[in-house]
1. Quick one: dipole size for chain C, taken about the Cα centre, charges +1 on Lys/Arg Cβ and -1 on Asp/Glu Cβ, in debye to the nearest 20.
2. On alpha-carbon atoms, Rg over Rh for the stretch D:127-252 using Kirkwood Rh?
3. Just name one of D:I14, D:Q60, D:I84: the one whose Cα is farthest towards the positive end of the charge dipole of the stretch D:9-89 (beta-carbon charges, Lys/Arg +1, Asp/Glu -1).
4. Taking 41 Å as R0, compute the FRET efficiency from the Cβ-Cβ separation of C:F89 and B:R95 and round it to 0.05.
5. Given the stretch A:232-280, what whole percent of its Cα pairs are spread farther than 16 Å?
6. Where the only charges are on Cβ atoms (+1 Lys, Arg; -1 Asp, Glu), what is the dipole of the stretch D:148-290 about its Cα centre, to the nearest 20 debye?
7. Might you tell me the accessible area per residue for the protein assembly as shown, computed with a 1.4 Å probe and given in Å²?
8. Where the Cα atoms of chain C are projected onto their three principal axes, how long is each span, largest first, in whole Å?
Protein chains: 4
Amino acid sequence: MKGNNSKSTATLLIHCPDQKGIVAKVTEFIDNNNGNIIELDEHVDREEDVFFMRVNWELQNFLIPAEKIGEFFDTQIAAKYGMIWNIYFSEKKPRMAIFVSKMSHCLYDLLSRVQSGEWDVEVPLIISNHEDLRPVARGFGIPFQVFPINAENKREQEMKEIELLKNHNVSFIILARYMQVISEEFINHFPNQIINIHHSFLPAFPGAKPYHSAYKRGVKIIGATSHYVTADLDEGPIIVQDVVNISHKDSVEDLIRKGRDLEKIVLSSAVYQHIQRRTLVYNNRTIVFS
Amino acid sequence: MKGNNSKSTATLLIHCPDQKGIVAKVTEFIDNNNGNIIELDEHVDREEDVFFMRVNWELQNFLIPAEKIGEFFDTQIAAKYGMIWNIYFSEKKPRMAIFVSKMSHCLYDLLSRVQSGEWDVEVPLIISNHEDLRPVARGFGIPFQVFPINAENKREQEMKEIELLKNHNVSFIILARYMQVISEEFINHFPNQIINIHHSFLPAFPGAKPYHSAYKRGVKIIGATSHYVTADLDEGPIIVQDVVNISHKDSVEDLIRKGRDLEKIVLSSAVYQHIQRRTLVYNNRTIVFS
Amino acid sequence: MKGNNSKSTATLLIHCPDQKGIVAKVTEFIDNNNGNIIELDEHVDREEDVFFMRVNWELQNFLIPAEKIGEFFDTQIAAKYGMIWNIYFSEKKPRMAIFVSKMSHCLYDLLSRVQSGEWDVEVPLIISNHEDLRPVARGFGIPFQVFPINAENKREQEMKEIELLKNHNVSFIILARYMQVISEEFINHFPNQIINIHHSFLPAFPGAKPYHSAYKRGVKIIGATSHYVTADLDEGPIIVQDVVNISHKDSVEDLIRKGRDLEKIVLSSAVYQHIQRRTLVYNNRTIVFS
Amino acid sequence: MKGNNSKSTATLLIHCPDQKGIVAKVTEFIDNNNGNIIELDEHVDREEDVFFMRVNWELQNFLIPAEKIGEFFDTQIAAKYGMIWNIYFSEKKPRMAIFVSKMSHCLYDLLSRVQSGEWDVEVPLIISNHEDLRPVARGFGIPFQVFPINAENKREQEMKEIELLKNHNVSFIILARYMQVISEEFINHFPNQIINIHHSFLPAFPGAKPYHSAYKRGVKIIGATSHYVTADLDEGPIIVQDVVNISHKDSVEDLIRKGRDLEKIVLSSAVYQHIQRRTLVYNNRTIVFS
């Protein structure tokens, strides 16, 4: 079972230079300490000779207490193999902030998943550069903070946002059609923790007005792309993409309409993978253990 | 342009035995009366020799007043060709009732489209056989009426529902994962005006628990089907279907999770086609002029 | 019925500035002369105010003899509306030349459709810049001509190719993974009659080695694009596109392997639309009446 | 890298009751004997508590000689865990027989992949119940044997076929639109080694004329399904499925035409997974380690 699992589990994400025996060593570590492995997936990038692994196991009866697992693993295994690793516990819910501007479709989709219990995540706040979507936030009972941004106040406003996010222990951020470029300084506070949805099949049509460009180019398929945000606009590691067929009958307005459905589903799929700790970024590419 | 059009328009949906010259006659009727055709689509079913047509034109400067168009068209054209036809005006919003039970994903998706103005439709009420989703309805400010149904009270409750629907001038009904079979008597009050979402790729896995059946059969793709409701359960004319890939890794819970996204998008796509007056039912099949 | 039709038919493709009454006039012309319309599709590009139409009718009992239809139509209808039009007859098979280099998958796919009678088309010759695929051509019994091309002899070789194509009455050309840029002069001999397959989801990854670029960018979907060839490389009007999901597990070799299937199906789909006279090019976009 | 790998490798496919430590034990076995693991994938079916694993490693410098690996693995690992396993070597090409009737599209697709070197497989013979496709086989230089089958001679003819297949050391069989039911006795000679393509999205439309049934039902998507053949017609474990959108415009002939492309791609995808030793059957479901 991949989806929801009511048992208390730990998830370990690892990457390191490829070497013999890694899988054996890691599974031995879990087995020897009485962990029951639920899921294990590994991948070797043959071009870069890098080893990637995700393993998820039940904590019940595990000999090492949760707060010590990292230390033990690092000492006994990770250090030896030069591993970069993270451990996550099912009992600690991720805390997600949502950034929006004026379009509501992604916001509705995210909030309805949270409110209905589809996702095991907390949303302490929504941040916007406009007032427009306050009523949506209110309908779902989530605090809504507005930070209007212009060329002059951008850095100052971003600093306030970061402070607010840190105060709320936000662990990751969703840009749900947030129409404002985030500064590199901001991004550096949340490396690989900011997920954007771009309304095109990247790398086609980066930047502004992709549906207009798609219409003009006469493509027969449009797409949407969710990716981690990096300092290079629309160039970050891709998590999920999807597409929909269009035809000569479709106007720009039709593309925008069809695109809305794509955007919200693609963004939410990426958020799901992120929440489930199924994503690993390496060399501007995303491993998605799905 | 197919999408939103701010001008006042009329849409005519026609079918009749195929004969020579129908397109010419209908377009002549519109042209001669100063109508500017925006969209025209026709289809001939060669097996049944039936002609289908949808035409949409601007009413500005149209010589015949809106309320007389039907009469004129019937007298001058429809009678001669044995046409079955309907005319719709963009200025008269369809009124949609939503039936739900306990699952919220389709309801959220429908209501967010209405509330955000994505659809030009009115939702005077939500009907359920359970209390569970009242908070969702309240969040969107829509009246929510509960009619608990059991074997004994079914007919009586349905009669009350019909009365309520008629009182609210409801023109069509969405079954948004409503887990209760509608009686033939009820259906006859709303012929081809009740849209259901079934959580399988019909005709595969009709009836209850299709995701469990799909898992058991080991299919590699699951689907969802929206259709008009007829007296034969899950046998009505199909409006929209879509699918998603699955693998051996997916548990029944994963199928249910992936299926939710399909269901809401497929149902909403069908509702959109219906609202846009792009659907025509003939012989248990649906013409969708998209 | 869209597919194969054994009756003798004519197909008219039209475009002109949008005006009232065009559909009525054209259908009247066919009706009055005893033509039975099988398919009619029209489209108005609202941004450009251009009208497009495809109509296909049975010639049996048509009052105007086939060779005179063009003249009559032009005189009575087309001239008045400023129409650009073409007429095609089902009885005259299109003659297709195939250009290849070293990869065989598209060639096999095209030839097997021709040999099995799936397409009603003649292939008088295959042209290549390499010897490699001669055995494939021989297996299917089609003449194979090699024109090695380098920077010095390019113009001269192209002139010979054009002469050969004209001598064989070739009406259109398929570039089936032909790895050589065609000159503008060559293209001008076959405007909108040269179909290429590009192994990416254009406009993403134009030019050389798109699978390597796709791998490097870490996209989650790859595509293929068939388009009419214009003087701007990989910029011509798109006929068909399709995509396939990939994952982090896929190496460049896997993308190439998965891409082969896409390429051949997408190219053959475009050829089918072209042969069926379902395509109209306007403003670097393709109307596909499918 | 998943695709072609020029190095000599072994592939082990395993299933057994789920127990702790299996992955560790198997990888240890390979590591300790100097094997370099290229790919490892495992899956636990939580409903059945069954463990599945595929592991592929380089044989160069492996301490155990190829012909002894099975014995050593069985003695040291498999027996202890109650494993059912198979080992395959990249140096031993699978030998595939193709069964056909009158339709050629799948046959062309299979043979062109073999002839072009896309697949590392041998095709010693093609068997048919009709003469029609002999020229196709001849074009590709493959022996073609006809066994006309009727109610009376069926058993006798099948026995001859089996003998012929065994004489040619055929390891698996492709039914490439072979329109004749295979007997249970025949199937038992090749358990999970006969791959069929059914021209519908199973379990929808099993049996004869699925495109006609799909048309009649008015579905909006059609599919194709490749599966291992079992004694229950069209009920065997599914390997690959795919679908394509259709509309009300599509006649039965259009469905057949669109279906052909689906059928050949789906069948060839299944054959590829089989050749690559990526498939494991359990409980009428197929694990595909892709």
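The values are calculated or read from the model by the stated rules, or taken from the named source; none is laboratory data. Keep in mind that this is a model prediction, so the values were computed, not measured. Cβ placement follows ideal geometry from the backbone for every residue including glycine, while neighbour counts extend to all protein chains displayed. Please note that ligands, DNA and RNA were not included when accessible areas were found on the heavy atoms of the full protein model with its side chains. Shrake-Rupley method; radii C 1.70, N 1.55, O 1.52, S 1.80 Å.
1. 740 debye
2. On the way: Rg = 16.4 Å, Rh = 16.2 Å.
Rg/Rh: 1.01.
3. Toward the positive end, the furthest listed residue is D:Q60.
4. 0.20
5. Working: 619 of 1176 pairs.
In whole percent, the share of Cα-Cα pairs in the stretch A:232-280 beyond 16 Å is 53.
6. In total the dipole reaches around 520 debye.
7. On the way: 45030 Å² over 1160 residues.
About 39 Å² of surface per residue is accessible.
8. On the principal axes, chain C reaches 60, 40, 37 Å in Cα extent.
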